[in-house]
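Notes follow once the structure below has been shown.
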Amino acid sequence: GGALYEVDTRLRPSGGDGPLSVSLEGFVKYQREDAWSWEHLALVRARPVYGSPDGRAAAQAIIAATLNKPRDWAAFLADAVKMRGDIAKAKPPKGDLDVKLIEGGLVDLEFAVQVNQFRYPDAFDPRLSLSIRSLIKGGHAPETLAEDHAFLTRFLVTLRLVAPELDDPAPACKALIARACCMNSWEQLLETYAATRQRVRAFWLETAGQV
């Protein structure tokens with residue numbers, strides 16, 4: 001019993017004073033006329049999980065139509081690049097072990113993948129790992145990206161369990177983290193981390209047209 005997790009309802013389209021839910025008609029109208037580029041980027045991870053079969057199918061159809069609609073690619077890419085920059089300014093990494101926010105970390109990786117999904121719509125899938133595989137298969141992403149994503153994700157989750165403040169872990173924790181990330185030592189893990197970040201950052205900068 002009890003709450004499973006908190007939901008930040010301040011991010012709903014109509015703001016803090018609006019309804020918590022909308023009709024399908026309201027949803028499609030908002031996506032067509034008012035949604036910002038960042039909301040469409042977020043929509044790539046959306047999938048209906050509850051409701052009648054017809055209701056879920058209708059919601060999925062709206063999502064698919066929104067993601068596949070014609071758009072000004074240059075303007076959309078500029079919005080994504082600005083958004084990534086805004087995140088970097090508002091939420092700088094807490095340190096070298098901030099796997100999520102650091103340059104070449106998971107945020108860079110997810111931005112690169114999601115932007116490329118709009119460039120190559122065959123890669124649309126709410127499961128990021130499958131999107132990555134599709135982009136690799138189409139020659140649109142580095143062949144190492146799936147492994148890089150798995151490594152960064154494993155590193156992030158393990159760190160949050162044993163060193164949530166992202167401080168320098170204790171020696172025993174370093175050994176545990178290395179094993180969880182399939183590395184022989186903390187030193188090997190850090191070398192892999194540096195190389196992974198370099199590849200991911202290069203992919204994001206290439207996607208953003210900044211190289």
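In straight-distance terms, cross-link reach from residue 100 covers every one of the aspartates and glutamates whose alpha-carbon lies under 14 Å from its own, apart from those fewer than eight places away in the same chain; here that gives 108, 110, 148, 165. By how many degrees, between 0 and 90 and to the nearest 10, does the Cα long axis of helix 24-33 differ from the longest principal axis of the chain? The answer is roughly 70 degrees. Working from label points 7 Å from Cα in the Cα-to-Cβ sense, the residue 129 to residue 161 distance is 1.6 nm.
Given the choices (1) 47, 38, 26; (2) 56, 48, 34; (3) 68, 53, 29, Cα extents along the principal axes in Å derived from the coordinates of this structure is entry (2).
On the chain, 55 percent of the accessible area sits on carbon and sulfur atoms, based on a 1.4 Å probe. With R₀ fixed at 22 Å, the C-beta to C-beta distance from residue 83 to residue 60 puts the FRET efficiency at about 0.30. The stretch 73-108 and the stretch 151-211 have Cα centres spaced 17 Å apart. Per residue, the chain exposes an accessible area of 61 Å² to a 1.4 Å probe, with every protein chain left in place.
Using a simple spin-label model with pseudo-atoms 7 Å out from Cα toward Cβ, residue 5 and residue 168 lie 3.3 nm apart. Angle between the Cα long axis of helix 128-137 and the longest principal axis of the chain, 0 to 90 degrees, nearest 10? Rounded to the nearest ten degrees, it is 80. For the pair residue 25 and residue 68, a Förster radius of 22 Å applied to the C-beta separation gives a FRET efficiency near 0.65, rounded to the nearest 0.05.
Remark: relative contact order (the stretch 68-211) = 27 percent; criterion is Cα-Cα distance under 8 angstrom and separation of 6 or more residues.
Available extension along the chain between residue 137 and residue 50 is 28.2 nm, counting 0.36 nm per residue and deducting the alpha carbon span. In plain terms, the chain from residue 36 to residue 96 could stretch by 18.4 nm, reckoned as 0.36 nm per residue minus the Cα-Cα distance. Here the relative contact order of the stretch 1-141, from alpha carbon pairs under 8 Å that lie six or more residues apart, stands at 19 percent.
The values are calculated or read from the model by the stated rules, or taken from the named source; none is laboratory data. This is a predicted model, so every value here is computed, not measured. Here the Cβ is made from the backbone with ideal geometry for all residues, glycine too, and neighbour counts use every protein chain on show. Areas reflect the complete protein model, heavy atoms only, side chains present, ligands, DNA and RNA absent. Shrake-Rupley method; radii C 1.70, N 1.55, O 1.52, S 1.80 Å.
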